Each structure stands twice: as C-alpha cells, then as structure tokens.
Amino acid sequence: MLPKEGQQSGGPQLLSKLFPATAVPEKNQQELEQEQKKQEEEKKKEKEKSWKHMKIGFIVFGTSAGMLGVWGIYDLGAPERDPSGKEIEDEFSKMPMVQQYFRRMWKNLTYYQKMIQEPSREKLLPDPVKLPYIQPPYTLVLEMKDVLVHPDWTYQTGWRFKKRPGVDNFLEQPARHFEIVVYTADQGMTVFPILDALDPNGYIMYRLVRDATHFVDGHHVKNLDNLNRDLAKVIVIDWDPNSTKLHPENTFNISRWTGNDDDATLFDLVAFLKTIAISDVDDVREVLQYYRQFDNPLGQFRENQKKFYEEQQEKEREESVKPVAPVKKWTPSFLASK
C-alpha cells in the first residue's frame, strides 16, 4: 500500500522495523549532530585565532622592519665626526637633510658591497724582489682543496685533510724555479693551519684566501690582474674552471682529487713544470693554450715526452752507426802559417 500524497514515508523508521540490527536510536543521532556542530564551531574559532595571530605577526614584523630601516638610514647616513664630535663636511653636506642621509647610506652600502665582491687590496703580492735577492723566474699559483689536500671524514677520526700522494715532492721540486702561491676561496682560519702542517719547510711563499677573490655570478674567482706579477710567467693549477674564468689562458686544469691513494697526478705535474722551467719559456700562456685543447693535458704531455725520448734515442742510434770522418791535422788559427 503506497503512502498518500503529503504523508511522510518514514524511511528510517521502516528500515529500523525491517532490519532491527541497523536501527540507530534518535537520541544518538541528535548527539552526533550536536558534536559535529561543536567541532565545526571549534575549527572556525581556531581559524579566527590563527588569523589573528598571523595579523599580529605581520604587524610586529612590519614595525620591526620599519624601525630597522629607520635606524639603518640614520646610522649609515649620518655624517662622520671628528674626535671632538664636530661634523665633518662631505659632498652631501649642502643637500637637504633627508637627501643627505639617503645619499650617504647608498654610498656606504655600495662600499660594503664592493668589500664583499672585490679583493681586499689592489696588490695581492708584494713587488718582486731585486738583487742581491733572488726572484724566481716563474710564479706557480695553486688551489689547495682537492689539488694538494682533500677533506675526509670517518667515524674514527672525524674531519681531517688528507695529503695527495706526492705532495711533499711536488712542493720541493718546483720551488727551485717557481714562486709558489696558494690561492683559494676558503677562509683563512681553515687554510693557515692546514698549510702550516702541510709545508713545514716553507716552500709556499704566499697564501691568498677568500678576501683576495672576486665574487662573480655566485663564484669566488681568482683575478690574476691583482697578483702584481707578469702574467707571461704565471701558471695556475686548478680543477674548477669557474674559479679561473677571468684568466683561462694562464690555467692548467687537472683532475679533481677525491682522496684515492693510487693518484699520480702530482708526479706528472712536477715533470711538466720542470720542463717549462728548464726550457726557459718566454710566455707560458702559449704552452698552456696548446695543452688546453686536450681533455687530458697531462696525459698528452706524457705522450709528447715519450715521443721526444724515442726520437732522441733514434737520433743517437743513427749518429753511432755513421762512419767516422778521417781526422785532419788541426792548426789553431792564431798559429796558422802564411
């Protein structure tokens, strides 16, 4: 029998009669609805509370930033004073007060930016020594990390710097012909203790650290123009092209050392540098430019060295099998008869 129009079907009551196990008391349904409303109200209150805290945070942050900005303008834009407290006139003194402070502040900010981006001094090395002192004919600029040493960490020792195989011989041999300079982007507090332990004999003549670099496009770059040396006699040994991108013509790139004990790079490098020094090369950039075209410059140098020795041996062999010319009686010119 169908319910009449306007009469409720009583779905839940019908279901509860047909399936008593699924019946839900009306009291429980009311409690659930009340709990849901209560939870919604609590969530709404939490959102309002968090938004209120956020607004307070924005206000505090904005006020602090504003006060800091005002203090920065006052501190950086204030005129300098002499020991007696009197203001020192500068190029901004005749401008309106507000403009004075803004212009001085901008000048100081530019100065600090320059301090970060540019070397701390124009001449990174002192002038070459003169007679009777001996100035080495060439300058060898070395990166420290992953060229001479490699940072290594173990549970037993913690952080330490591992010496590259052959580093002692490498520092000793070129020191006879090269002025050795370590030039790195690391901080001095890290570099100096390591070099003190690495070079007890003092073969490294100068140490240049981060404050001697240019900060360009997120990289600390070594600018050889500030080195105060003839660039025709300067060789830079590095593994990172970004750190020497201002002077690639003076750079001899080698592989980055990762701490392996079977590395022999420094032994080959000693032979390469000794060959340049003994050959009395006028401009090292020509030699470096030739080797820059190869993926493995030291490998190519070894190959060239091998070919040279083979040619020399062949030449000596040919000379040894040539017939000996008859010896003619020799008379010194100053005793020659008329």
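Observations on the structure shown:
- Unique match (being in contact with a Ser or Thr (Cβ under 6 Å, 6 or more places away or on another chain), assigned by the TED database to the domain that holds TRP239 and closer than 26 Å to ILE134 by Cβ) among GLU179, GLU172: GLU179
- Considered as a group, the residues in segment 121-150 that are over 19 Å from ASP262 (Cβ atoms), part of a strand (DSSP E or B) and of a type outside the set (A, V, I, L, M, F, W, C) include one that is most open to solvent (accessible area, probe 1.4 Å), and that residue is LYS145.
- Screening SER243, SER279, SER255 for residues that are of a type outside the set (D, E, K, R), surrounded by 15 or more Cβ atoms within 10 Å (Cβ to Cβ) and in the same structural domain as TYR206 (by the TED database) leaves exactly one candidate, SER243.
- Filtered by the rule that a residue be open to solvent by less than 50 Å² (accessible area, probe 1.4 Å) and at pLDDT 95 or above, segment 167-177 gives VAL167, PHE170, LEU171.
- Here the condition is being part of a helix (DSSP H, G or I), modelled with pLDDT of 95 or more and open to solvent by 20 Å² or more (accessible area, probe 1.4 Å); of ARG302, ARG285, it holds for ARG285 alone.
- For the residues GLN156, GLN187, GLN135, the requirement of being touching a Lys or Arg at 6+ places or on another chain (Cβ under 7 Å) and at negative phi singles out GLN187.
- The criterion of being in a helix (DSSP H, G or I), at pLDDT 95 or above and under 30 Å from TRP239 (Cα atoms) holds for LEU273.
The values are calculated or read from the model by the stated rules, or taken from the named source; none is laboratory data. Bear in mind the structure is a predicted one, so any value in this text is a computation, not a measurement. Methodologically, a virtual Cβ is constructed for each residue, glycine included, from the backbone with ideal geometry; neighbour enumeration extends over all protein chains shown. The accessibility values were calculated without ligands, DNA or RNA, using every heavy atom of the protein model including side chains. Shrake-Rupley method; radii C 1.70, N 1.55, O 1.52, S 1.80 Å.
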